[in-house]
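Below: the structure, in structure tokens.
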């Protein structure tokens, strides 16, 4: 009897502890002040933002709160604070337009038939955009300084990444994921024939699902890389016509031999090959398909693209005349970060200056996205293979760039606003897979 | 004062006095612990006659004392022993007398229940845990008892991995010597796992479940049949060897006891055990018990579990004979220990499974004669153990490949065409181990006086044999578990038998100097491994471990003569012999791909390999040797006792993985000249252009590269039960600092690929690298025993005052590097800027080597037991019922900590 009482007493203590750990939930708001800075790498012209929309997305609830730029301006005139937000963690994006003016000298034909130079002022409208992740809104007043960039400043009329397929296919005979058939498609989005020679493919060092205080932080000037692979060639060996793509894959072999759900990639344009000589993980090489020249790779066994879809990929070109030796000697990047309050051992990889980058795409599973691992200038958003990182759900899924328009000659121009959230169709069937 | 002086005199001269008697009677007897009936050695016996004449003696290791010739008359015998109540009894000696005296431990004397570990009364630091403490703690296995050691803390039982011991360590260490260096002795016999070879190279499921060369898995030892246990933290006697860190001695029940049954359930496991002890015709006992445990790594997940079944039958007997008291025992034990991991039935890879089973049968026999202290020859003891284990690990895995690969199946050095693996297959590997352990031990002791000192000379020898006659690693080489295999099948039967022979000699002296008593134990143990091939550096060598313990008991002090003070100290060297796995590692294989030609037509493909095979034995291996010393002081007053120990340990050659480099010359075939259209079969090697190249890579082997430094202060305070509160207070704690480092040069290769090639260099790093960990813990416990209502409950505040970690500074610069011709070049500062060599430099930020501390944290644990009637006892424990984990800042990071309670309950039946 005594024991029974005592047991009940203990249970009460335990349950009491459980209850007391809950805290009262109060909804409180904070006043947010926003400052926009326009970063304009190409022109020295002064950009004036015309209009746009700020979108605050609550990270925990997914609720969005959109505020028009104009509305903010009028509020700013009336009161000192701009917007009230419920305390929480937010991802902020701004998409809008800006104008700048420049003086141009044109030859104006006079009535006498002579042409004289005349200075006229031209006004140009450009898209601008910016984003910032994980803004903690609390403690009453906060100020957000958001940098916005001119859309598509980097890769106008050039190669773009058209598709990334890294989730593999389902092997029906084993019920397992098969990922020898990963590929990346690069598309000539210009109106001219471009040469793929010297184009480099980059895989980011960091993941989009884990943010650390990587020190030094070079994100605003360079993209950090754990893989740098270059399309070989002297400069004119691999012409790509407008509207055509090149297919780069892990193994240019017939994958249907291993997996009836997969693809025959033996006709791919390039394959990547890590010349691993230790039999532990020998990469396979189809001698009929040229290999990318592997500048740098973090692994000497087998390089597979991120199966969980949580890294960024980019294509870039090195400046004229830069040799691999120059690059490999001068562009190392050693960093550490704080783990459990302690700096980690430094890790050395490489970095690619942002100016060299033609196109960058951040991938992240939708429900675990934390941040972009490239500058917002290169990519403001992210796209995803699937809602979660669970490979089984994402099998066969790729991210594919949307079509912007088809011109009068039937040439398809893909959308490139340097915002993967908008430019890509997420979690869609890989284009090379047979339609289901 | 006069009285005192007289006492001095008498004690000093008792020897003379005793021998000066020309006529009288013999007065013999033995002194035993009242509760455990264990003999108390070195207890002081004084006889005071009516004529105020004093006689004095001390007891021997069997607790026996003797007075040669005492004149008949009435005497008062005073028997005192540190930590025990002094016993004063009148004795009437009119003929030869033989008496038994039982002393009560100071704390027990108040009808005491001790629910904590107590500091041992011997001359080295050890924690004694008896059955009452175990019952109160409600353990599932021996591992749970470790929280009772100074500096220990309750840890939630994790039955999904082997529970390895660590003694006097501030943090966790992945170094095998940490647990390998602790010896477990059960009923006088050491338990060995020396020939355990149960591991699957490269397994992912089993890697956390394997404990080769890591000593004893404490999960497999149940506690219900243990009478008492002692964890020797200090300097164990030379009687015990093959250890570096400490020793756990377990004494199982061997007396008549009622039938008991225990049912326990906690968050992850259920336990049932039952047993009984019978008395057979007075002098013999038979004990039998069985214990079953079923545990899950996660209670919501039935796919990963651990099961244990143990049973034991123990027959003990003794018989008085003319020669002395005969003692014998025969113990038969079975231990089954089973780990199992299965994959989800619903998901794709349903074939995947891992199962490890350990079945061990042990027969432990002993025969001895004890003779009382009238004889110089004190008798002998022999022990013989035979233990056979049937161990099996079976892993099944469905393997799917993403690209064509070759099976690692060549078993000799040379070039050969590889065999392509199918794209998917079911791989199976069995590790069949059948280690057999034979141990024989014999010892004899002699007792003699020399001048004022009494000596007990103990000498003995031990012979250990182990042999694994299992089939070893068995699998189909063309269907390997891991395509990255660097090993091949291996028959464990082919591994030579391991033998160790030791002999020891120890002198325990008691030297009374006035009222002070000095006890000195000095011993030497030598060990050799006969039968070891002459290539080994250890062949023919004898390793000597000298050990010394001293204890100085001061005379009782204070106005009531109730302050007892003693100091002790010891120093010793300990050797641990390498295990079978360390002496006879697997052969290493490296397969270098010379050509991996892919053709769309499967029949036209060709993979060509150069296989290197080498024996990976390190013939230079030596035993790990630890030098330990400690000093300890104990003060006790009326059942309150405080002991403080300071210790230091130093080991320079603990077992570790050493890395070396190796060159692999190979032919690199260039397939670009092959026209894939023109082929009618696999390309002929003769038609291909090849160039000779060399790979440089590193590999590991067992060596003596671990340096261990330990330092600390341990303290134990226990009050006597305060009658008013019915409560006893105990405080144990320790500040411990341990440094594990690697002190031998290390070759390291890089995993990166640069300019399409792996790094052509290997760096040699000769700086000491490691980590220094520190911890200061105290456990404050109040236990209340309410006899009237049969309740015992305890509250323990387990405080971690701080833990700290610091990496040992090193520059990260290689001392030299090796190129692929095997040439060694010094590594200069210019090299650190070079294209490839810069990747050999390890870089650290400044703060990397700074000391990081984690501040105070406290857990409150509650345990309660209620007796219902005489037969039923219900118990409950809640660990971390209240916790205090304050937030703290480290650098700019704000760190929050949390924990959740862990609870369990049990019922005990006793009929």
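We did not get these values from a lab; they are worked out from the coordinates using the rules stated. Everything numeric here is computed off the predicted structure, so don't read it as measured data. Please note: Cβ atoms are built from the backbone with ideal geometry, for glycine as well, and neighbour counts cover all protein chains shown.
Working from Cα positions, state the angle (0 to 90°, nearest 10) between the long axis of helix B:2-20 and the longest principal axis of chain B.
That works out to roughly 80 degrees.
Could you rank the peptides B:193-206, B:777-790 by their average count of other C-beta atoms within 10 Å per residue, with the highest value first?
Put in order of decreasing packing, that is B:193-206, B:777-790.
If eta is 1.567 mPa s and T is 4 °C, what Stokes-Einstein diffusion coefficient results for chain B, Kirkwood Rh from Cα pairs, in µm²/s?
It diffuses with D of about 42 µm²/s by this estimate.
Treat the count of other C-beta atoms within 10 Å as a stand-in for reagent exposure and order B:469, B:614 from fewest to most.
B:614, B:469
Quick check on chain B: helices-only [θ] at 222 nm, where DSSP H runs of length 4 and up contribute -39,500 (n - 2.57) each and the sum goes over total residues. Nearest 500, please.
Value at 222 nm, helices only: -1000 deg cm²/dmol.
Rounded to two decimals, what ratio of Rg to Rh does segment B:799-911 give with C-alpha atoms and a Kirkwood Rh?
Across segment B:799-911, the Cα-based Rg/Rh ratio is 1.37.
Rounded to the nearest 500, what is the 222 nm mean residue ellipticity of chain A from helices alone, with -39500 (n - 2.57) per DSSP H run of 4+ residues and division by all residues?
Helix contribution divided over all residues of chain A: -3000 deg cm²/dmol.
What order do you get for B:753-764, B:640-651 when each peptide is scored by the mean count of other beta carbon atoms within 10 Å, highest first?
Per-residue mean Cβ counts within 10 Å order the peptides as B:753-764, B:640-651.
Could you tell me the calculated FRET efficiency between residue B:685 and residue B:825, based on Cβ-Cβ distance and R0 = 30 angstrom, to the nearest 0.05?
It comes to 0.30.
With springs only between Cα atoms under 10 Å apart, run a GNM on chain A and tell me which of A:355, A:325, A:136 wobbles the most.
A:325
Where does segment B:564-615 land on the Kirkwood hydrodynamic radius, alpha-carbon pairs, in angstrom?
Value: 17.0 Å, from the Cα pair sum.
At a Förster radius of 25 Å, what calculated FRET efficiency corresponds to the Cβ-Cβ distance of residue B:300 and residue A:339, to the nearest 0.05?
0.30
Please report, largest first and rounded to whole Å, the three semi-axes of the ellipsoid equivalent to segment B:542-660, where each semi-axis is the square root of five times an eigenvalue of the C-alpha gyration tensor.
Semi-axes, largest first: 64, 17, 9 Å.
Which residue, A:293, A:115, A:266, tops the fluctuation ranking in a GNM of chain A built on C-alpha contacts under 10 Å?
Result: A:115 has the largest fluctuation of those listed.
Under a plain spin-label model, where a point goes 7 Å from the Cα along Cα-to-Cβ, how far apart in nm are residue B:809 and residue B:663?
Taking the two extended label points, one gets 3.8 nm.
With the crude spin-label approximation of a point 7 Å out along Cα→Cβ, what separation in nm comes out for residue A:68 versus residue B:158?
In this crude label model, residue A:68 to residue B:158 measures out at 5.8 nm.
Name all residues of segment B:188-221 having a backbone nitrogen under 19 Å from the label point set 7 Å from the Cα of residue B:359 along its Cα→Cβ direction, giving them as ranges.
Only B:196-199, B:220-221 fall inside the zone, counting backbone N under 19 Å.
Give the Rg (one decimal place) followed by the Dmax (whole number) of segment A:308-436, computed from C-alpha coordinates and expressed in Å.
Rg, Dmax (Cα atoms, Å): 17.9, 59.
Would you mind calculating the gained length between residue B:849 and residue B:518 on full extension (0.36 nm times residue separation, minus the Cα-Cα distance), in nm to one decimal?
114.5 nm
Give the average, rounded to an integer, of partner chain Cβ atoms located within 10 angstrom of each Cβ in B:593-599.
Average neighbour count from other chains, rounded to a whole number: 6.
Let me test this: with uniform point scatterers at the alpha carbons of segment B:289-412, what is the Debye-based log₁₀ I(q)/I(0) at q = 0.16, 0.20 1/Å?
-0.93, -1.11
Just the Kirkwood number for the protein assembly as shown, please: inverse of mean 1/r across all distinct Cα pairs, in Å, one decimal.
Here the Kirkwood hydrodynamic radius works out to 36.8 Å.
First measure r as the distance between the Cβ atoms of residue B:37 and residue B:450, then evaluate 1/(1 + (r/R0)^6) with R0 = 30 Å and state the FRET efficiency to the nearest 0.05.
0.45
Under 18 Å from a label point 7 Å along Cα→Cβ of residue B:386: give me every residue in segment B:288-329 with its amide N that close.
The answer is B:313-315, B:329, whose backbone nitrogens lie closer than 18 Å to the label point.
So how do B:699, B:597 line up by other beta-carbon neighbours within 10 Å, fewest first?
B:699, B:597
What average number of partner chain Cβ atoms lie no more than 10 Å from the Cβ of the residues making up A:252-259?
Average per residue, whole number: 4.
Shielding by partners for B:837-846, please: the mean number of other protein chain Cβ atoms within 10 Å of each residue's Cβ.
4
Put a dot 7 Å past each Cα toward the Cβ at residue B:744 and residue A:348; how far apart are the dots in nm?
If labels sit at residue A:348 and residue B:744, their model points lie 2.7 nm apart.
Starting from the coordinates of the alpha-carbon atoms of segment A:96-152, obtain the Kirkwood hydrodynamic radius over all distinct pairs and give the value in Å to one decimal.
Mean inverse Cα-Cα distance, inverted, gives 15.5 Å.
Please give the length that would be gained between residue B:900 and residue B:476 if that part of the chain were fully extended, namely 0.36 nm times their separation in residues minus their C-alpha to C-alpha distance (nm, one decimal).
Using 0.36 nm per residue and subtracting the Cα-Cα distance, I get 148.0 nm.
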